[in-house]
Amino acid sequence: MKDLLIELRISLIATASLAVLLCGIYPLLVWLLGQGIFPAKANGSMVMRQGRIAGSSLISQGFAGPEYFHPRPSSAGQGHDPANSGGSNLGPTSQKLIDATKQRVIDYRSENGLGSDSLVPADAVTASAGGLDPHISVKNALLQATRISKTRGLSINSVLREIEKHTEGRDLGILGESRVNVLMLNMGLDKILK
């Protein structure tokens, strides 16, 4: 019985010590390092506009007006809902997905004044896995540029400069493709008008 009590005491001390270390000290240390080294990223990469939070550069927002670049379609909640992220879970042979994608292609071409034979980038008509991808492809942005130029009354060159200014290269120079952050691009266009 004495050995059992000794083993129980050791187990309780080990459990309490690990709980304090892993549930208290370690998270506090990580939080302090994050706040000290890169506070903007540690706090959600929030983007400020006129002293208020406009959004996060890491989460898609649903821009729908013709004067704004539009993000990828979203299946998150009612669309672009960070509290309810997730894909549609429809497979490549799903008729519902095929029909939705065909309709998105038609809508995209119509919205951007493209011919019926114009190729449409995949990211313009398919949702990302989580439904909250903040980026679009450069090709997608370029195809929307004429609509933005006309709607905002800006020269096409001004819009193209903003696209180039907000284009992010491949991660580590080799991973993924070049992309454009829709929130940052739209905010850049709003600054031009002011």
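So which of Arg147, Arg161 is basic (Lys, Arg) and either assigned to a loop (DSSP other than H, G, I, E, B) or surrounded by 18 or more Cβ atoms within 10 Å (Cβ to Cβ) (or both)?
Values: Arg161 fails: either assigned to a loop (DSSP other than H, G, I, E, B) or surrounded by 18 or more Cβ atoms within 10 Å (Cβ to Cβ) (or both).
Result of the check over Arg147, Arg161: Arg147.
Which condition from (1) over 30 Å from Gly91 (Cβ atoms); (2) buried (at least 19 other Cβ atoms within 10 Å of the Cβ) is the one that Pro134 breaks?
(1)
What single numbered condition from (1) in a helix (DSSP H, G or I); (2) in contact (Cβ under 8 Å) with a residue 24 or more places away in the chain fails to hold for Asp133?
For Asp133, the failing item is (1).
For residues in the range 164-194 being in a helix (DSSP H, G or I) and among the β-branched types (Val, Ile, Thr), which is farthest from Ala54 (Cα to Cα)? Spell out how you get there, then give the answer.
Filtering the range 164-194 down to residues in a helix (DSSP H, G or I) leaves 164-165, 182-193.
Now narrow it down to the ones that are among the β-branched types (Val, Ile, Thr): 182, 192.
Numbers: Val182: 12, Ile192: 17 Å.
Once the filter is applied, the top-ranked residue is Ile192.
Against the conditions (1) over 17 Å from Ser60 (Cβ atoms); (2) exposed (fewer than 14 other Cβ atoms within 10 Å of the Cβ), where does Ala129 fall short? Just the number, please.
(1)
Rule-based calculations on the coordinates, nothing more; no lab input. All values reported here derive from a predicted model rather than from experimental measurement. Heads up, the Cβs are rebuilt from the backbone with ideal geometry, glycines too, and the neighbour counts pull from every protein chain shown.
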